[in-house]
Amino acid sequence: MNYFLGRNLLPKLLAVLIALIVWVFVMNEQNPPLEGTFQVALSGRNLSDQMTVMEAPESVKVKVRGLRNAIAGASGKDFRATVDLKGMKTGQYNLPVSVTLPGGYELVEVIPDKVSITIESVRSRRFTVEPRLTGPIVGQMVLGKVEVRPSTTTITGPQSLLDSVAKVLASVELRDQTATFSLNSKLILLGQDGSEVKGLTVEPSQVTVSGTLESGIVSRTVDVKTVLTGNLPDGILLRKVFTEPVKVEVKGTKEVLDKIDSVVTEPVVLTGITKDVTKEVALQLQPGVTVDRKTVLVRITVGQGP
């Protein structure tokens, strides 16, 4: 067996060498090495849980060398670009970019090879949730007691963002709601200028807003005042004027009724009255005010002058 292997060994080795050279030549001709540039997402590693990256480039350009087939089939997702953030505290840093390549690639260049990173501390703060109720209320209903559960929430995130939060709102649309309501609401964070603040973690991020809608119509008892116009004939004196009833119950919204303490009659003309009279007179009502009775009796007592 060894005899046959040993025969013509030199020509055989030469043939293998030539085949290898031909293979390398063909591969270089058909699949030559090329350079390619890829946009690679940039990530941080080894950052403390108590810190967060506020500002950093989203990606860098990575130039690599590899066979044409490998370059043609590659994308930025095949490579990894990172910065080491171990031990970093609040501040701004200029850090080198490390690139990890799969087999078959050679790193040529990273653009940029250093990046500016801003790091902030992570803090938490508890806020009271305020209900924000919007939309028209059905009919003459008014808003009664409102309750938010839970009444507070914890917000976590970068110190600068956390400091910008002015209030936490639970928005609820009251349109078409009935006497009682209980609605889930996602929390909204607002800054000092009223704009929404994002980029923070809210826990819980949703609350339940419940409340009641009550009748907006209230009632009140007020005096009736008689309005007189004209003059009595000569020699006739006005002795007494009073109404029956002297008070009436008026109804309306609290806002309207808070502005009135009496209602008045339509003007009663005194001209031509020479004896006691009783007249049924309509009441003058302000817009938004109603009464169960629209008229009252006005009794006028007169007498002869001296």
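Which of the residues spanning region 268-300 are part of a loop (DSSP other than H, G, I, E, B), farther than 17 Å from G230 by Cβ and not hydrophobic (A, V, I, L, M, F, W, C)? Within region 268-300, Q286, P287, G288, D292, R293, K294 qualify. Does A74 fit the bill of being among the aliphatic types (A, V, I, L, M) and part of a helix (DSSP H, G or I)? For A74, the condition - among the aliphatic types (A, V, I, L, M) and part of a helix (DSSP H, G or I) - is not met.
Name the residue that is surrounded by the most Cβ atoms within 10 Å (Cβ to Cβ), counting only residues in region 34-70 that are assigned to a strand (DSSP E or B) and of a type in the set (S, T, N, Q).
T52
Considering only residues that are of a type in the set (D, E) and within 44 Å of the chain's Cα centre (by Cα), look in region 258-267 and name the one that is farthest from L228 (Cα to Cα). For region 258-267, the residue satisfying everything is D258.
Can you go through V256, V218 and tell me which one is in contact with a helix residue (DSSP H, G or I) (Cβ under 9 Å, 6 or more places away or on another chain), closer than 24 Å to V146 by Cα and β-branched (V, I, T)? The conditions single out V218. Checking G73, G91 one by one, the residue that is without any contact (Cβ under 8 Å) to a residue 24 or more places away in the chain and surrounded by fewer than 12 Cβ atoms within 10 Å (Cβ to Cβ) is G73 and no other.
Evaluate region 190-204: report whether one residue or more is over 19 Å from the mean Cα position of the chain (by Cα) and modelled with pLDDT under 95.
Within region 190-204 (the criterion being over 19 Å from the mean Cα position of the chain (by Cα) and modelled with pLDDT under 95), the answer is no, since none of the residues qualifies.
Counting only strands (runs of 3 or more DSSP E) wholly contained in region 113-172, the ones carrying 3 or more residues that are free of Cβ contacts under 8 Å to residues at least 40 places away in the same chain occupy 114-134.
The values are calculated or read from the model by the stated rules, or taken from the named source; none is laboratory data. Quick caveat, the model's predicted, so the values are computed rather than measured. Virtual Cβ from ideal backbone geometry, glycine too; neighbours counted across all protein chains shown.
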